[in-house]
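Engineer: I'd like to ask you about the structure that follows.
Just so you know, all these numbers are worked out from the coordinates, no wet-lab data involved. These numbers were taken from a predicted model, which means no experiment stands behind them. We place every Cβ from the backbone using ideal geometry, glycine too, and count neighbours over all the protein chains shown.
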Amino acid sequence: MTLRKIARMGHPVLWAQARPVDLPLSAALQTLADDMIETMRDAPGVGLAAPQVHESLRLIVVQPERGPDAQPLVLVNPVLEPVGDTIEIGLEGCLSMPDLQGLVPRFHAVRYRGFDRTGQPIDALAEGFFARVLQHEVDHLDGILYPMRMRDPRDLAYTREARHLIERMDRLAAGDPEP
Ligand code: NI
């Protein structure tokens, strides 16, 4: 496995609409999936989309749980569908935007469909943090970075100022947006 170079905001590959992947995965794309898992773990991160490693393809890897034994999910041609209309504001970062964090509204729950790396269909539900990561990664396939989902430019901050964002998130949750 090889660590791949991560594209940073500004690189056009991050603004492109990624192409669907042909199934079954070719040997080259199996290697891409392995490399993406290694790159995500090394970063470290909890999700990575193929465009972030300069491959404009609809393939993501996600770490649904923490811990050394947690198996990453490889999802090919993913499609998300909101479940319910509950929206939560939460803190996100992105390996393509190092040292920054933002407050991003996401659906609390989503149904996710697609294929695993062996070509088997996947159809399952995700909630909370896992649902947030899926929404963030699938956005990458459509050329969307999380600041494009934020409600207010003040919701973006450097990580070392993130405690102000957390305070802001708490005020927003309490219905008091100012300042
Ligand atoms: Ni990202």
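Engineer: Give me a count of the residues in the range 138-161 that are among the aliphatic types (A, V, I, L, M), within 16 Å of the ligand (Cβ to nearest atom) and either touching a residue at least 40 places away in the same chain (Cβ under 8 Å) or in contact with a strand residue (DSSP E or B) (Cβ under 6 Å, 6 or more places away or on another chain) (or both).
Structural biologist: Within the range 138-161, the subset among the aliphatic types (A, V, I, L, M) is 138, 141, 144-145, 148, 150, 156-157.
Add one more test, that the residue is within 16 Å of the ligand (Cβ to nearest atom), and what stays is 138, 141, 144-145, 148, 150, 156.
Remaining after also requiring either touching a residue at least 40 places away in the same chain (Cβ under 8 Å) or in contact with a strand residue (DSSP E or B) (Cβ under 6 Å, 6 or more places away or on another chain) (or both): 138, 141, 145, 150, 156.
Summing the residues that are among the aliphatic types (A, V, I, L, M), within 16 Å of the ligand (Cβ to nearest atom) and either touching a residue at least 40 places away in the same chain (Cβ under 8 Å) or in contact with a strand residue (DSSP E or B) (Cβ under 6 Å, 6 or more places away or on another chain) (or both) in the range 138-161 gives 5.
Engineer: Just to check your reading of the model, which residue among L95, L73, L59, L91 is farther than 21 Å from A18 by Cβ and within 16 Å of the ligand (Cβ to nearest atom)?
Structural biologist: Within the list L95, L73, L59, L91, the selection yields L91.
Engineer: If I filter the range 105-123 for residues that are under 26 Å from L3 (Cβ atoms) and under 13 Å from the mean Cα position of the chain (by Cα), do I get at least one hit?
Structural biologist: The answer is no; no qualifying residue exists.
Engineer: If you don't mind, there's one more thing I want to ask. Return a yes/no flag: does the range 16-30 have any residue that is surrounded by fewer than 19 Cβ atoms within 10 Å (Cβ to Cβ), among the acidic types (D, E) and within 16 Å of the chain's Cα centre (by Cα).
Structural biologist: Checking the range 16-30: not a single residue is surrounded by fewer than 19 Cβ atoms within 10 Å (Cβ to Cβ), among the acidic types (D, E) and within 16 Å of the chain's Cα centre (by Cα).
Engineer: Please work out if R106 is closer than 21 Å to L156 by Cα, crowded, with 16+ Cβ neighbours inside 10 Å and out of contact with any Ser or Thr (no Cβ under 8 Å at 6 or more places or on another chain).
Structural biologist: Answer is yes for this residue.
Engineer: Starting from the range 108-137, take each residue that is on the phi > 0 side of the Ramachandran plot and list its partners that are within 16 Å of the ligand (Cβ to nearest atom) and outside any loop (DSSP other than H, G, I, E, B), counting only C-beta distances under 6 angstrom and pairs at least six apart or across chains.
Structural biologist: Taking only residues 6 or more apart or on different chains, the pairs are G114/L75; G114/P78.
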